[in-house]
Amino acid sequence: MARKYLLDFEKPLVELEKQIEQIRELARDSEVDVSQQLLQLETLAARRREEIFQALTPAQKIQVARHPHRPSTLDFIQMFCEEWIELHGDRNGNDDQALIGGIGLIGERSVMLIGQQKGRDTKENVARNFGMATPGGYRKALRLMNHADRFNLPILTFIDTPGAYAGLLAEEQGQGEAIAVNLREMFRLRVPVIATVIGEGGSGGALGIGVADRLLMFEHSVYTVASPEACASILWRDAGKAPEAAAALKITGPDLLSLGVVDEVLPEPAGGNNWAPLKAGEVLREALERHLGQLLRLSEDQLREARYKKFRSMGRVLDSNSSEIGIGS
Amino acid sequence: MSLFDWFADRRKGQFVGKVSQETDESDGLWCKCPECTQVVYRKDLIANSSVCSNCGHHNRINSEERIKLIADKNTFEKLDQQLSPTDPLGFKDRRSYSDRLRESQAKTGLKDGVVTGICTVEGFPLALAAMDFGFMGGSMGSVVGEKITRLVERATSKRLPLLIVCASGGARMQEGMLSLMQMAKISGALERHREAQLLYMPLLTHPTTGGVTASFAMLGDLILAEPKALIGFAGRRVIEQTLREKLPENFQTAEYLQEHGFVDTIVPRTQLRPTLASLMRLHGSKKIELKKK
């Protein structure tokens with residue numbers, strides 16, 4: 001498999017891969033049996049890769065999460081939808097390309113699929129605005145969620161954004177208001193909502209489609225309150241301290257699992273989802289169907305109550321007279 | 001520097017400005033308006049709701065002063081004062097989060113950046129939250145989120161209208177994702193308040209930005225703002241960097257937001273109480289006697 005895009009911590013693997021490639025070519029041209037050496041080298045490479053990826057720092061995970069070949073929302077949709085029709089527009093003059101959605105069939109079940117969409121190369125990324133949605137994107141997402149609510153379709157969202165778009169037009173059109181309304185309205189939905197952080201989850205821009213009954217996250221995905229770069233330049237007064245900020249902010253799956261923010265961390269193949277996108281698709285599909293099965297057993301009221309309770313319990317405070325938590329006086 | 005330049009500088013007020021900035025934070029009898037440099041008697045300024053009588057500049061006030069300006073005398077009953085922040089991530093940048101907390105607590109006399117309670121305004125009962133910008137930039141962590149959520153829930157169960165005075169730089173980074181989740185938590189509580197057909201009004205004061213703008217600040221049935229308050233989602237510098245073009249002069253001011261349809265009405269601070277009372281009356285609130293303590 002040709003790999004054009006290497007992360008710096010993957011460099012130790014390059015030598016090994018080159019050797020493997022060379023031996024393969026040799027074997028192709030001659031009659032010498034090299035399968036033994038190949039196997040050895042391949043095992044070694046796999047082990048190396050596993051070691052490297054098991055010990056990734058938060059800053060390195062961000063690099064994996066932002067990998068241009070990491071499967072995107074549309075990739076996943078293509079992988080597990082037998083039928084899929086993209087739906088466009090916020091009915092208010094905009095069709096954001098960074099936040100897409102549509103209706104699809106997974107197994108026997110119709111679902112609404114919504115997610116941020118990044119591009120693979122510069123040209124695509126410009127069209128997709130690097131996965132940074134404008135207010136029109138969030139309003140389109142809400143329109144589709146309301147549609148799903150009306151027709152009793154479970155909602156699956158895919159989070160993959162550095163953040164909501166910060167620009168003149170976005171402010172003019174009410175970026176804050178658009179996200180805020182989504183946060184509130186998602187509590188009202190009577191259908192199950194499952195959100196998955198497939199790449200990077202950047203702050204409010206991620207949360208704008210992330211108020212869900214279940215929040216899943218891939219092993220090398222990250223979810224941040226503020227980008228480590230911004231955090232470093234504000235708190236450390238030095239953008240170069242982004243790796244320190246990335247570690248301090250607790251942005252990885254296991255961290256967020258222990259903080260009670262995330263419900264499940266989905267394993268990735270060594271080397272990340274970009275190494276085996278089809279496998280990633282299988283893992284995600286299995287998890288989505290499993291959680292959906294659980295959620296579909298709840299009544300509409302139970303579902304909404306559980307969603308409220310889930311978010312209600314988030315946060316850590318010291319209550320010096322915890323016997324009086326009650327709200328009535 | 002030529003003589004002409006010197007005069008030009010003087011006219012721009014830079015020369016005077018340097019001196020004035022030192023004095024306006026002092027606790028002296030007199031203070032200078034940071035906007036128009038008019039010198040006023042401090043007591044007069046406070047009597048005028050900390051609004052400059054010359055240019056109308058709204059000086060920043062803390063949560064205590066804010067509550068005093070809104071609530072009928074001696075009616076404000078504080079809630080959930082027992083809640084204080086923890087350091088869930090063990091966060092440390094150049095300084096530790098717990099140090100920063102202690103410093104802000106000492107400076108403001110508050111446990112965290114919001115004061116919540118129930119009061120009356122011209123006799124109308126109101127659930128009121130006032131954020132305090134002096135406490136770590138009014139940033140929203142778990143305590144701010146929890147106190148506001150509890151207030152919203154109480155307003156819902158007691159069928160009270162709700163006012164949240166916003167003043168915040170956004171989510172508190174030191175509590176990581178727990179801070180971000182407060183946006184969702186409060187929005188969920190507001191959904192229930194709304195479902196109960198109760199009136200919610202945020203008052204956006206200088207500055208209201210980031211995660212607060214992207215949640216409860218923009219969820220009002222009616223959205224009020226103070227004149228010239230900075231209100232926005234992203235910071236101006238970030239936008240300038242991505243756009244590399246000049247932004248409109250009044251960009252992200254209350255007036256700009258009103259022009260674009262995101263603020264119902266801009267209320268000068270001196271008119272706040274009568275405006276609130278009138279809005280509550282118009283929405284069917286009935287006057288009550290709150291038992292004075």
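The values are calculated or read from the model by the stated rules, or taken from the named source; none is laboratory data. Predicted, not measured: the structure shown is a model, and the values here were computed from it. Here the Cβ positions follow ideal geometry from the backbone for every residue, glycine too, while neighbour counts run over all protein chains shown. Ligands, DNA and RNA are excluded from the accessible area calculation, which covers all protein heavy atoms including side chains. Shrake-Rupley method; radii C 1.70, N 1.55, O 1.52, S 1.80 Å.
Remarks
- In order along the stretch B:31-48, phi translates into HN-Hα couplings of 8, 10, 5, x, 8, 10, 6, 5, 8, 10, 6, 4, 4, 5, 4, 5, 4, 9 Hz, rounded to whole numbers, per the Karplus curve 6.51 cos²θ - 1.76 cosθ + 1.60 with θ = phi - 60° and x for Gly and Pro.
- Modelled label positions at A:Gln294 and B:Cys55, each set 7 Å beyond Cα in the direction of Cβ, lie 5.9 nm from each other.
- The modelled label-to-label distance between B:Arg94 and A:Trp236, using points 7 Å beyond Cα along the C-beta direction, is 1.3 nm.
- The convex hull drawn around the Cα atoms of the stretch A:62-318, when projected onto a plane and averaged over every direction, covers 14.1 nm².
- With 29 Å as the limit on Cα-Cα distance, the pairs of B:Lys147/B:Lys246; B:Lys107/B:Lys286; B:Lys68/B:Lys286; B:Lys92/B:Lys185; B:Lys68/B:Lys107 that go past it are B:Lys147/B:Lys246; B:Lys107/B:Lys286.
- Given chain A, longest segment not containing exposed loop GluC sites (Glu not before Pro) (DSSP; at most 11 other Cβ within 10 Å): A:109-329
- Neighbourhood charge, 15 Å Cβ-Cβ cut-off, centred on A:Arg109 and excluding it, Lys, Arg +1 and Asp, Glu -1: -2
- Look at where the Cα atoms of the stretch A:229-277 and of the stretch B:172-190 average out, and the two centres are 18 Å apart.
- Unpaired Cys in the protein assembly as shown, meaning no second Cys C-beta under 4.7 Å: A:Cys81, A:Cys231, B:Cys31, B:Cys119, B:Cys166.
- Sites matching trypsin sites (Lys or Arg not before Pro) across the stretch A:236-329 that sit in DSSP coil, with at most 15 neighbouring C-beta atoms within 10 Å: A:Arg237, A:Arg297
- For the residues B:Ser168, B:Ser98, B:Ser215, a GNM of chain B with alpha-carbon springs under 10 Å puts the largest fluctuation on B:Ser98.
- Expressed in units of 2.2 N^0.38 Å, where N is the residue count, the Cα radius of gyration of the protein assembly as shown is 1.06.
- Gaussian network model of chain A, springs between alpha carbon atoms under 10 Å - residue of A:Asn152, A:Asn182, A:Asn274 with greatest fluctuation: A:Asn152
- FRET efficiency, A:Met79 to A:Asp121 (Cβ-Cβ, R0 25 Å, nearest 0.05): 0.75
- Unit charges at the beta carbon, dipole of the stretch A:62-318: most positive-side option, A:Ala195, A:Leu298, A:Ala232: A:Leu298
- Whole-angstrom gap from the stretch A:174-213 to the stretch A:60-128, using each part's C-alpha centre: 15
- Each Lys or Arg adds one and each Asp or Glu takes one away; over the other residues whose Cβ falls under 13 Å from the Cβ of B:Val115, this sums to 0.
- Positive-end residue, the stretch A:8-55 charge dipole about Cα centroid, Cβ charges, pick of A:Leu13, A:Ser35, A:Ala55: A:Ala55
- Within chain B, antiparallel bridges make up roughly 50 percent of the DSSP beta bridges whose residues both belong there.
- If R0 is 60 Å, the Cβ-Cβ spacing of B:Lys43 and A:Ser35 corresponds to a FRET efficiency of close to 0.05.
- Computed over protein heavy atoms with a 1.4 Å probe, the carbon and sulfur contribution to the accessible area of chain A reaches 52%.
- The A and B chains share an interface that buries close to 5200 Å² of accessible area, total over both sides, probe 1.4 Å.
- At a probe radius of 1.4 angstrom, the accessible area of the protein assembly as shown per residue rounds to 45 square angstrom.
- J(HN,Hα) series, the stretch B:165-179, from Karplus relation 6.51 cos²θ - 1.76 cosθ + 1.60, nearest Hz, glycine and proline x: 8, 8, 7, 7, x, x, 5, 8, 4, 5, 10, x, 5, 4, 5
- Of A:Leu249, A:Leu105, A:Leu318, the one that fluctuates the most in a GNM where chain A has Cα springs shorter than 10 Å: A:Leu318
- For the stretch A:94-186, chymotrypsin sites (Phe, Trp or Tyr not before Pro) are listed when DSSP marks them as loop and at most 12 other Cβ atoms sit within 10 Å of their Cβ; the list is A:Phe151.
- The trypsin sites (Lys or Arg not before Pro) of the stretch B:82-162 that DSSP puts in a loop, and whose beta carbon has at most 15 other beta carbons within 10 Å, are B:Arg94, B:Arg95, B:Lys158, B:Arg159.
- 1.4 Å probe, heavy atoms, protein only - residues of the stretch A:135-184 losing at least 40 Å² accessible area vs chain alone: A:Ala166, A:Leu168, A:Glu171, A:Glu172, A:Gly176, A:Glu177, A:Ala180, A:Leu183, A:Arg184
- Rounded to the nearest 20, the Cβ-based charge dipole of the stretch A:1-136 about its Cα centre (Lys and Arg +1, Asp and Glu -1) stands at 500 debye.
- Evaluated with a Cβ-only charge set (Lys, Arg +1; Asp, Glu -1), the stretch A:8-55 carries a dipole of roughly 120 debye about its Cα centre, given to the nearest 20.
- MRE, 222 nm, helices only [DSSP H, n ≥ 4, -39500 (n - 2.57), over chain B, to nearest 500]: -11000 deg cm²/dmol
- Rounded to 10°, Cα long-axis angle of helix B:14-23 versus longest principal axis of chain B: 50
- Dipole magnitude for the protein assembly as shown: computed about the Cα centre from +1 point charges on Lys and Arg Cβ and -1 point charges on Asp and Glu Cβ, it is near 2140 debye.
- At a threshold of 10 Å², the residues of the stretch A:217-240 that become less accessible to a 1.4 Å probe in the full protein assembly than in their chain on its own are A:Tyr223, A:Val225, A:Ala226, A:Cys231, A:Ile234, A:Leu235, A:Trp236, A:Arg237.
- Hull volume per residue, based on the alpha-carbon atoms of the stretch A:1-133 and their convex hull, is 176 Å³.
- Under the span-like rule (Cα at least 24 Å along the axis, Kyte-Doolittle mean at least -0.5), DSSP H helices of chain A: A:277-295
- Of interest is the spacing of the C-alpha centroids, which for the stretch B:72-110 and the stretch B:219-254 amounts to 28 Å.
- Amide H within-cut-off set for B:Ile231, under 5 Å, with H built and near neighbours excluded: B:Thr208, B:Thr253, B:Ala254
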